[in-house]
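Have a look at the structure below before the remarks.
The values are calculated or read from the model by the stated rules, or taken from the named source; none is laboratory data. Owing to the predicted nature of the structure, the values given are computational and were not obtained by experimental measurement. Here the Cβ positions follow ideal geometry from the backbone for every residue, glycine too, while neighbour counts run over all protein chains shown. Heads up: the accessible areas ignore ligands, DNA and RNA and are worked out on the full protein's heavy atoms, side chains in. Shrake-Rupley method; radii C 1.70, N 1.55, O 1.52, S 1.80 Å.
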Amino acid sequence: MDPQEHIHIISAGDSIHKTYPAVLKDLRTVTHTFIFAEKEVYTNSARDDNQKRLWKVAIRDAIDAVNTISLSRNISCALVCIDAATFDAIRDPVLGIFSDHPDARYSFDISAGSKRLSLGLFSMSLWVEGDSYYAFGSSPTRRVPVPTLPTKNLPANPHYLVILTILFRGREHGKGASTLVPKETLFNETKVWQIPVRDADIGTPGQEITPAAFSRLLSTLIRWNLIREESEPGNEQEKLYRITQDGELALFVYSARMKKRSVEKHHGLL
């Protein structure tokens, strides 16, 4: 099995051929595309009014366009027709794909299709550890933020919150993108907080955090997709860090939880 396989699953709608190229541009590594559509789309009924017939034709045309785009980029493309948008009808074919490609990366575009179909695919994305994306109208493609850990566990080591808060406050004023912070700068600012901890990996309460322990904290936050590590252009040894959208959301949820419990902000944390 090719370790570079990337399975992309789409909920069928009349605009998927418009969002598909943008998704491919963002993801870059897609090797297989599967389009999930309800069989109704390919069933003509005497009860259909003109609007519904045009709607079905538009979806079929969009599916054909996605297939054409896929072939032009050497991406295999397959249509999966389901009887109804029930969870079982969605679950079983996804599990069939997963059984054939258990080690692949998975992504889902849930922008189109019925609500039941999109919600079913989103649910399955969690089970196969895939990422879900959406794009409406002319908006750019965005990933649905899903936590990789319960937010209530974030304060288990206060330094997690310290690092996230420093990176969050380092965002460029008035801009959506966060500022890259050098590892040494981030380490020095984290030490200033002097958070008393009881984690044996950090040291006894009141002791400064060590460089080795700090690196382990960063690795954990990267694994949780709360921060991102990049290299300084022209200097691979210099590591830079920024907070991710998931990291910002984790801070917001933590702050809301503390406010709900009327807990005083600790050492200036959000």
Selection within segment 22-48 - open to solvent by less than 60 Å² (accessible area, probe 1.4 Å), assigned to a helix (DSSP H, G or I) and more than 14 Å from S107 (Cα to Cα): V41
Residue ID - nearest to T43 (Cα to Cα), chosen from residues in segment 91-113 that are outside any strand (DSSP E or B) and of a type in the set (A, V, I, L, M, F, W, C): A112
Some residue of segment 7-15 being open to solvent by 40 Å² or more (accessible area, probe 1.4 Å) and either touching a Lys or Arg at 6+ places or on another chain (Cβ under 7 Å) or at negative phi (or both): yes
Residues satisfying the stated conditions in segment 49-85, i.e. touching a Ser or Thr at 6+ places or on another chain (Cβ under 8 Å) and either open to solvent by 80 Å² or more (accessible area, probe 1.4 Å) or of a type in the set (V, I, T) (or both): V66, I75
Residue in segment 156-184 that is modelled with the lowest pLDDT, counting only those that are farther than 18 Å from S219 by Cβ and in a helix (DSSP H, G or I): R169
Odd one out for D88, checked against (1) surrounded by 12 or more Cβ atoms within 10 Å (Cβ to Cβ); (2) outside any loop (DSSP other than H, G, I, E, B): (1)
All positions within segment 103-123 that are in contact (Cβ under 8 Å) with a residue 60 or more places away in the chain and over 27 Å from I227 (Cβ atoms): S111, A112, G113, S114, L117, S118, L121
Residues satisfying the stated conditions in segment 221-237, i.e. over 25 Å from V162 (Cβ atoms) and in a loop (DSSP other than H, G, I, E, B): P233, G234
Every residue from segment 90-129 that is in contact with a Leu (Cβ under 9 Å, 6 or more places away or on another chain) and at pLDDT below 90: G113, W127, V128
Subset of segment 115-134 [part of a loop (DSSP other than H, G, I, E, B) and either closer than 18 Å to A37 by Cα or open to solvent by 50 Å² or more (accessible area, probe 1.4 Å) (or both)]: E129
Selection from segment 187-208 of residues that are modelled with pLDDT under 85, over 16 Å from P155 (Cβ atoms) and open to solvent by less than 60 Å² (accessible area, probe 1.4 Å): G203, G206
